[in-house]
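These notes concern the structure reproduced below.
Quick note: the coordinates plus some simple rules give every number you see, no bench work behind them. What you see is a predicted model, and the numbers here were worked out from it, not measured in a lab. Don't worry about glycine lacking a Cβ; one is built from the backbone with ideal geometry, like all the others, and counts go over all protein chains shown.
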Amino acid sequence: MIRGLFSVLCLTYLAGCGEAGDGFGKEAPQSDAGTATRCYGANDCPASFLCNEFGYCTPLVTPDGGIQPDNGLPPEVEQQREPPAAGKVYVYVAVPAQNMVAKIHSTSLQVRAIKVGQDPGALRAIPGKDVAVVLARGSATAAVLRSRADGGDDVSTLKTAVGLNQLALAPGGKHAVAYFDIKAAQGQLSKTSFQEVTVLHLQSGKDQSVSLSVGFRPSSVQFSSDGSRAFVVTEQAVSTIELAKAVKPAIVPSIATVKDPIQEGKLDEVLVTSDGKYALGRRAGLNGIRVVDLTTQAITDLDLGGDATDLDLTQDGKLAVATLRDSKQVAFIDIPGDLLDATRIDTLSTSKYQPGQSVLSADAKWAFLFTNATSQEVLMVADLTQRAIAYHPLKKGVRTVFSSPDGQSVLVVHNKVQGTANATDTFDAYVDKSYGYSLFKVATGFDKLVLTATDPGDVAFAPDSASAYLLLSDAAKGVRSVEAIDLGAFLVDSISLGSPPVALGVLATTRAVYVAQSHDLGRVTFVDMDSHGTKTVTGFELNSYVIE
């Protein structure tokens, strides 16, 4: 019997939604004081509280009476999605309680239980291939699963450094890098090193691993567009790994991102351009952004007239967008030209609205600007070609924004203000106290508010941008469904599920949406993208599961 399905295919917030098997799907204890309240942005917290890096509301005023942010406003909380672990025709689900991965065929629904190491966690699948890699945190190993033509699997087990909990897959799928991210662990420290990563070389019959020493406390791993180099962002440097050459233990050379390692604070965010030539960073007090030339190691600060509260790069690395919340501006930085001559940078006013964060469309045509530090009810849409901004009112404050693959539709997840909505409220107060999301059409500016019975969960889009899917789960309220959203007409079909959903993803090849659920025996429901008909697999023990 397989108990406690918790998949790592979750919507992971940088504030920390937890790892599979480490309490994913559980709510943090609540308190009137707000100190244990779970949050995904400051506007989820009571007045005078901020959302910390581990995803909990903490007092804005420190114990010594100081104000945490320099300007009195809480910081933005950026959110990040985990990539779905779906191969060509198979879905992979980690089951930590049984030290296994369930591999499910998306059309026949046949299930294969694959034993891996202890407490499997971070799970990645190589796009377009039925090959998956999973970290087994309890045994300090990684398992590489390769599907054979007969439906079986070749499994290779590789040693990793102790305590690693995150896995980054390089473009092309030839390499992966495992590391420890304290945010993903929700601040729970285990026996681990803050300065070790493990490189996994993924080649059939020749899989191997090697552990390396890097700078202190890695926060992200990024890659060059060709997948040949990994950039490990640490507190004060970028450690660059030539992946093909990483074949024996070593100390990885690092390039500093700070000018004075003793006096200067760490950068809050660092992004490396896809060609690996520049690292761009931000932090309070820079009055702009930092540029590190990864070839010459030169450090330059670009004055933008205000601190950047968010920084984003287009996929081709040719444009950076910096939001300057306090000065109510957004800067468009063409790379490399504007890095060499800051007078060329286009900086636009956002009128009276605060642009705390930006989300870029995949086609690099739009930047969607918002803040989750306040309850500002506005979505700003910046045209990255024309360098113009349009303003659109919303009915609720914004937690985060998701763009469809074609950039033409946007799903806005809202925050809920403190209190329970009831019939004695005014209409506006009722809406503010309710959970919900909005659908927004870029071409027309049309938006549609959808109130929900509980907090919106994971989101997935169809590759053709015709539809989106959103999870709703609340055990106390008996809410367990997936919302199938028509992105053409903005109509929503709510599909009931047998158990609380914890993760979902889209299989383009078979036009199916899979929804992993929390169930004692393990359960996954497949939703037909066209008919919304469902098929459910319950019980993942080999040859003992039931298809409904």
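Numbers below:
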{"item": "Label-to-label distance, nm, for residues given as SER213 and LEU449 (7 Å Cα→Cβ offset)", "result": "5.7 nm"}
{"item": "Sparsely packed trypsin sites (Lys or Arg not before Pro) within the range 148-237, loop by DSSP, other Cβ within 10 Å at most 13", "result": "ARG148, LYS191, LYS206"}
{"item": "Cut-off under 5 Å, modelled amide H: who pairs with MET100 long-range", "result": "VAL95, VAL116"}
{"item": "Shape call, the range 399-548: gyration tensor on alpha carbons, a/c limit 1.5", "result": "oblate"}
{"item": "Spatially proximal lysines relative to LYS396 (Cα-Cα < 24 Å; intrachain offsets below 8 disregarded)", "result": "LYS328, LYS352, LYS416, LYS433, LYS441, LYS448, LYS477"}
{"item": "The chain, relative contact order in percent, only Cα pairs under 8 angstrom and at least six apart counted", "result": "11 percent"}
{"item": "Amide H contacts of LEU504 (H built 1.01 Å from N, under 5 Å, at least 5 apart or other chain)", "result": "ALA516"}
{"item": "Per-residue Cβ neighbour rank within 10 angstrom, fewest leading, HIS175, HIS105", "result": "HIS105, HIS175"}
{"item": "The range 267-347, relative contact order in percent, only Cα pairs under 8 angstrom and at least six apart counted", "result": "21 percent"}
{"item": "Inter-centroid distance (Cα atoms) of the range 298-375 relative to the range 473-543, Å", "result": "37 Å"}
{"item": "Additional length obtainable on full extension of the chain from ASP154 to ALA466, 0.36 nm per residue less Cα span", "result": "108.7 nm"}
{"item": "Among 484-493, 455-464, the order from most to least packed when residues are scored by Cβ within 10 Å on average", "result": "455-464, 484-493"}
{"item": "Simple label model, 7 Å out from Cα along Cβ direction - ILE299 to ARG344, nm", "result": "2.5 nm"}
